[in-house]
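The values are calculated or read from the model by the stated rules, or taken from the named source; none is laboratory data. Here the structure is a predicted model, which is why all the values come from computation and not from measurement. Quick reminder, even Gly has a Cβ in these numbers, built from the backbone with ideal geometry, and neighbours come from all protein chains shown. Keep in mind that these areas ignore ligands, DNA and RNA; they rest on the heavy atoms of the full protein, side chains included. Shrake-Rupley method; radii C 1.70, N 1.55, O 1.52, S 1.80 Å.
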Amino acid sequence: MKHPTLILSTFLLLLSISPPAHAAGGKWQLLQQNIGISAMHMQLLHNDRVVLFDRTDFGKSNLSLPDGKCVGNDCTAHSAEYDVTTNTFRPLTVLSDVWCSSGSVAPDGRLIQTGGFTNGERRVRIFEPCTGCDWKEIENGLAARRWYATDHILPDGRQIIIGGRRQFNYEFYPKSASTNKVFSLPFLVQTNDPDAENNLYPFVFLNVDGNLFIFANNRAILFDYVKNNVVKTYPQIPGGDPRSYPSTGSAVLLPLKNLKARSIEAEVLVCGGAPTGSYIKATKGTFTGALNTCARIKITDPNPQWVLETMPQARVMGDMTLLPDGTVLLINGASNGAAGWELGRNPVLNPVVYRPDNAAGSRFEQQNPTTIPRMYHSTAVLLRDGRVLVGGSNPHPNYEFTNVLFPTELRVEAFNPDYLDAKYGNLRPKIVTPKSQAKINYGKKLTIRFSVTGTLATNSVSVTMVAPSFTTHSFSMNHRSLVLASENVKSVGKSAYEVEVTTPASGNLAPSGYYLLYVVHQQIPSDGIWVQIM
């Protein structure tokens, strides 16, 4: 697609800007030396436990099922529940193959998990966050086979399941008489590359107008899923290289702000990926350098255009996580190759923080490195206390621990962003009320009481709401951040303060369900509390 000369010149100028050097920040913490399975999929639930799983056609894991239980001839677990508070875990039982599946959390807090491989491809699995609970499965809960699909929760509480291998369509769950079928989505045919596909695990975000932004390969549409109609077609990313699986980049919807404005802006950031042809070359032993650019677009603009920025390092198979201070963490991945068995090389050990409000050219800050390569099948999710849980990495068809370039990884660690450093203790807010698990309503005033031991800068207080993600294959499904502007900050006692905010106006901004709510003071977030918006 041709672009005006001026726009092209701007793109080239931005590409030529080298990110400035910043002091590395952040710390790493090993949580578990061996959690027993590879954390290929992860979801934080509102009881501060993370459900994680790999696949069932993998061979035996290092975690036994309880009480001598077996599924067929396999008496080991391929799913686990990690308790963040106690740093412990327990085995869970999945009855079908969850390999390369998808999911989202229903408004009532249950994880609704869909698809997979072979006997799992039409399964719906439900996990309720309660003590001792385990997976429940619905054998033919889906109308089509879903493998490498993407799920998103909708404003009405249903979830939409989009695409998957050889599925150029979408469907809904739960089913009704009118939705117990598949709906064609020609965009997935148009973005399907011969031999490489490059349109799997599409990046899907709910726009502020209630339509879905769907990105696959190197371009995107705005889609009205009610009318099955394309509302807008976005331009191709400059350069035309693919960004979705298996040329796997990552993407986030940047934090939504000014939520009381008549017109709310929404921006999407897509980072990394692999150049055209990388997947085929990697299968033949040539590992092409990954893309070193991010592409950013204001999807609510009448004439939206992508703007490119240069990352400190090239990255494929990276994860992007929204942090409570309004920044974005880029973590995990490789600098060469593509997604797939044995197809990644040169792991990227340094995370990067992206500051979306900084000027172009000064948004990236490289962080301290991990010692653990996180390649294909790695994951990262935000925790309530502001840490990021990191797990997974299995670039092999089976569990492989010796005589391979990158062994199957069973360790789980946490990345502690710089805002958790003890030197910021006197700036860090502590939420007093409401208590965690509070229920809130749309478009209402909400008063939050908090304490700060140091001097409060009243003009530097904000409140953020972050929807926890279902993360797999470098995409955090349903991940969402909203900034609730502080309308009134006042002292109510020694080191005690109140801030008043207005909750999001509708499910188009914040689909009903559980969110992490944080008070942020001078870019230092509190521990979060769970709120359920209804």
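Things to note:
- When peptides 429-441, 50-62 are ranked by their average number of other Cβ atoms within 10 Å per residue, the highest-first order is 50-62, 429-441.
- 13 Å cut-off, amide nitrogen to a point 7 angstrom out along Thr458 Cα→Cβ, residues in segment 499-525: 499-500
- Computed helical MRE - 222 nm, the chain, DSSP H runs ≥ 4 contributing -39500 (n - 2.57), nearest 500: -1000 deg cm²/dmol
- Element breakdown for the chain at a 1.4 angstrom probe: carbon and sulfur atoms account for 50% of the accessible area.
- Label zone of Asn87 (point 7 Å out along Cα→Cβ, amide N under 19 Å): in segment 413-434 this covers 413-418, 420-422.
- Relative contact order of the chain, pairs being alpha-carbon contacts under 8 Å that are 6 or more residues apart, as %: 15 percent
- Cα shape, segment 424-533, gyration tensor, a/c 1.5 rule: prolate
- Inter-part distance where segment 314-358 and segment 276-290 are each reduced to a Cα centre, Å: 19 Å
- Across the options Gln313, Tyr170, Val189, the greatest Cα extent toward the positive end of the charge dipole of segment 27-420 (unit charges at beta carbon of Lys, Arg, Asp, Glu) belongs to Val189.
- Peptide ranges 251-257, 138-144 listed from the most packed, as the mean C-beta count within 10 angstrom indicates: 251-257, 138-144
- Nearest-20 debye value, segment 27-420 charge dipole, Cβ charges on Lys, Arg, Asp, Glu: 520 debye
- From the coordinates shown, Rg and Dmax of the Cα atoms in Å corresponds to which of (1) 21.9, 68; (2) 31.4, 105; (3) 24.1, 74: (1)
- Asn350-Thr447 pseudo-label distance in nm [points 7 Å out on the Cα-to-Cβ vector]: 4.8 nm
- Farthest positive-ward along segment 27-420 dipole, Cα basis, beta-carbon charges - from Thr283, Leu52, Phe127: Thr283
- Inter-site label distance for Val492 and Thr371 at 7 Å from Cα along Cβ, in nm: 4.6 nm
- Pair Gln236, Asp209: separation of 7 Å Cα→Cβ label points (nm): 2.4 nm
- In range of the label at Glu139: residues from segment 91-131 whose backbone nitrogen is under 20 Å from the point 7 Å along Cα→Cβ: 93-99, 113-127
- Förster radius 41 Å - calculated FRET efficiency between Ser184 and Met534 (Cβ-Cβ, nearest 0.05): 0.80
- Each part gets one Cα centre, and for segment 427-441 versus segment 98-165 those centres are 30 Å apart.
- Relative to the current alpha-carbon distance between Ala422 and Glu265, full extension at 0.36 nm per residue lengthens the span by 53.0 nm.
- Note on Asn303 and Thr502: with the Förster distance fixed at 45 Å, the Cβ-Cβ geometry gives a FRET efficiency of about 0.90.
- Spatially, segment 167-200 and segment 223-253 are offset by 14 Å when compared through their Cα centroids.
- Length gained on full extension, Leu30 to Val404: 132.4 nm, using 0.36 nm per residue less the C-alpha separation.
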